[in-house]
Amino acid sequence: MRSKNMSSLFNEILYKPLFNGLVLLYNSIAIEDLGLAIILLTVLIRIILFPLFHESLRHQRITQELQPYIKKIQEKYKENREAQTKAILELYSHHKANPLMPIILIIVQLPILWVLFRIFNGGLNEESFGLLYSFVDKPEVISHTLLGLVDLSKKSFYLAAMATGAQYLQSRLSLPKPKAGQELTQAEKMGRNMVYIGPVITAIVVITLPAALGLYWLTTTIFSIFQQVIINKTFSHGESKGTSK
């Protein structure tokens, strides 16, 4: 009974609003093109979650920048784990960084991703139209394509390839440039390996799912790239100001 109530609550809070949002966009701005509706819905979600994504990327970048200092602390207190943990936490606190922020972002995203998977996987069909709000019209024509070219109900190698490429670019942009003569820490080496692991995972996941999910992934990653560029410029500006002083 409790599980049924949770499922009903999940549908009311997330599934129905996102599904109705997709149909509303499909009927209006997207001119009955499911691909355009998915792109618009993805952009809308990213705008709503912009502060959270921005903070996550900022904290991730700060954490990466602090790795050399963390390494020094680990060497200084290698015999005292308690003092080591305390010093690292104080370092994070001083720089107003939360290393758990990316994890929090993942936790927030998972339910949304699951709902979008269910919506995009099911597509727009007569069965699902019973979930429409009274002010959302039932579509007269049901099209599962992007610009009449890509069938979003089937797998798409091209969308998977573009999503993988975008993921690689975003991962590369997220890495700070190593300073001359600076030796990378173990954590930094692992971070640089993720530049390749992330896109590989993206390719495996997206190529096995309907193209609608690949289109969502590509759109949200492109949005992340623009956010990452903003974060990088902010850090570069801060570093140049610090140098001029």
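Any read-out appearing in this document is the output of simple, stated calculations on the displayed coordinates, not a laboratory observation. All figures in this text were calculated on a predicted structure; none of them were measured in a lab. Every residue, glycine among them, receives a Cβ derived from its backbone with ideal geometry; neighbour counts consider all protein chains shown.
Observations on the structure shown:
- Among the residues making up the range 28-58, those that are in a loop (DSSP other than H, G, I, E, B) and in contact with a Leu (Cβ under 7 Å, 6 or more places away or on another chain) are Ile29, Ala30, Asp33.
- Tally of residues being touching a Ser or Thr at 6+ places or on another chain (Cβ under 9 Å) and surrounded by fewer than 12 Cβ atoms within 10 Å (Cβ to Cβ) across the range 58-102: 0
- So Ile47, is it of a type in the set (A, V, I, L, M) and surrounded by 12 or more Cβ atoms within 10 Å (Cβ to Cβ): no
- If only residues of the range 26-46 that are of a type outside the set (Ser, Thr, Tyr) and within 12 Å of the chain's Cα centre (by Cα) are counted, the one that is nearest to Phe117 (Cα to Cα) is Ile45.
- Filtered residues of the range 133-153 (kept if in contact with a helix residue (DSSP H, G or I) (Cβ under 6 Å, 6 or more places away or on another chain) and more than 18 Å from Leu36 (Cβ to Cβ)): Tyr133, Lys138
- Here Leu14, Leu22 are screened, and the one residue that is buried (at least 19 other Cβ atoms within 10 Å of the Cβ) and out of contact with any Gly (no Cβ under 8 Å at 6 or more places or on another chain) is Leu22.
- Within the range 128-147, residues that are on the phi > 0 side of the Ramachandran plot have Cβ atoms under 9 Å from residues that are surrounded by 11 or more Cβ atoms within 10 Å (Cβ to Cβ) and in a loop (DSSP other than H, G, I, E, B) in these pairs: Leu147/Asp33, counting only partners at least 6 apart in sequence or on another chain.
- For the range 72-80, the criterion of being within 22 Å of Val150 (Cα to Cα), part of a helix (DSSP H, G or I) and without any contact (Cβ under 8 Å) to a residue 24 or more places away in the chain is met by no residue.
- Qualifying position, being within 30 Å of Asn11 (Cα to Cα), hydrophobic (A, V, I, L, M, F, W, C) and assigned to a helix (DSSP H, G or I), among Leu124, Leu105: Leu105
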